[in-house]
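Structure first, then comments.
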Amino acid sequence: MCSSGHAFDANKRGYLTLVDRSRGILGDTREILEARRRFLALGHYSPIVDLIDAALPAGAVDVVDSGCGSGYYAAELTARRPLARLLELDVSLDAVTLAVRATGAPGVVADVWRPLPVRSDRADAVLCVFAPRNADEFARVLRPGGTLVVVTPAPSHLEQLRQRGRLIGMQPDKLEHLDEALGARFVLRDRLSTAYDVPLAATEIDDLAAMGPSGHHGAHPGTEDASTTTVTVAVDVSVYQPL
Ligand SMILES: C[S@@+](CC[C@H](N)C(=O)[O-])C[C@H]1O[C@@H](n2cnc3c(N)ncnc32)[C@H](O)[C@@H]1O
């Protein structure tokens with residue numbers, strides 16, 4: 001039951017749907033999600049899980065995974081530490097279905113740009129990995145002293161794929177924009193970074209190209225030859241606290 005008196009029943013797959021799909025806000029498609037699930041299962045991004053694990057406070061139990069996608073990061077974290085009250089949230093119904101399956105946690109299909117279905121001052125942490133960020137709502141749902149963990153691509157992230165036209169361009173000065181967008185509500189406490197190269201086979205590159213924002217733009221024809229390509233993975237993990 002929400003504070004306005006609305007009651008919702010979870011369906012048998014374990015999630016609630018709060019998005020009016022007739023508005024055309026659907027998030028990631030099944031094809032994008034399947035490409036991401038296949039790629040992430042290979043473990044090439046596990047150093048990113050290490051950083052998120054280091055950024056999340058040890059006692060964080062009530063965690064909202066906003067823009068959860070296939071639930072890879074939350075599932076990996078759950079295997080390492082008890083996240084007793086994890087909530088998987090995404091605007092894509094297919095994403096929430098996969099994330100609920102991967103984590104065993106409840107899920108909700110919700111638009112991050114609408115009021116989130118979470119009580120105020122409730123969450124120990126909000127996790128937002130390569131997903132949209134609503135500073136006001138994240139600040140509202142976090143308890144005082146809570147933690148917002150945001151993962152964003154660094155300038156050299158997947159640069160080899162961008163050079164080949166397999167990915168759309170990236171916003172320059174991403175961290176400055178991030179700090180600015182969150183600055184009215186949050187103070188930056190820490191920033192962890194990693195950058196490493198991985199050799200990828202052609203099929204892995206096809207999935208990598210299809211699983212990101214470029215998947216929505218159709219910029220992922222399977223044009224790789226049979227050789228492997230070295231691709232740079234570079235991300236920043238920013239740790240904020242509500243003001
Ligand atoms: C690049 S994916 C990242 C998914 C996941 N965090 C990961 O890294 O594997 C971005 C996710 O944000 C979701 N998303 C996009 N717009 C959204 C919105 N308005 N509200 C909630 N989720 C949204 C997409 O459906 C997608 O699952």
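Please treat every number below as a calculation from the coordinates, not as lab data. Treat the numbers as computed from the prediction; the structure is a model and nothing was measured. Neighbour counts run over all protein chains shown; Cβ positions are idealised from the backbone, glycine included.
Some observations on this one:
- The 3J(HN,Hα) values that the Karplus relation (6.51, -1.76, 1.60; θ = phi - 60°) gives for region 84-92 are, in residue order, 4, 10, 8, 10, 8, 10, 7, 7, 8 Hz. Gly and Pro appear as x.
- Whole-Hz ³J(HN,Hα) from phi, Karplus 6.51 cos²θ - 1.76 cosθ + 1.60, for region 129-145, glycine and proline x: 9, 6, 9, x, 10, 10, 4, 5, 5, 4, 5, 5, 7, 6, 6, x, x
- Working from Cα pairs under 8 Å separated by at least six residues, relative contact order for the chain is 22 percent.
- For T147, distant residues with modelled amide H under 5 Å away: A125, V126
- Helix 30-40 vs. the chain, principal-axis angle (Cα, 0 to 90°, nearest 10): 70
- Taking V64, V141, V19 and counting other C-beta atoms within 10 Å, the order from fewest to most: V19, V141, V64
- Ranked for footprinting exposure by Cβ neighbours inside 10 Å, fewest first, D28, D50 give D50, D28.
- Bridge orientation summary for the chain: considering DSSP beta bridges with both residues in this region, about 50 percent are antiparallel.
- In order through region 195-203: 3J(HN,Hα) via Karplus (6.51 cos²θ - 1.76 cosθ + 1.60), integer Hz, x for Gly, Pro: 8, 7, 9, 10, x, 10, 7, 4, 5
- Axis angle, to the nearest 10 degrees, between helix 46-55 and the longest C-alpha principal axis of the chain: 30 degrees.
- Legend: ranking of residues T203, T229, T152 from fewest to most surrounding C-beta atoms inside 10 Å; resulting order T203, T229, T152.
- Mean residue ellipticity, 222 nm, helices only, the chain: the sum of -39500 (n - 2.57) across DSSP H runs of n ≥ 4, divided by residue count and rounded to 500, is -8500 deg cm²/dmol.
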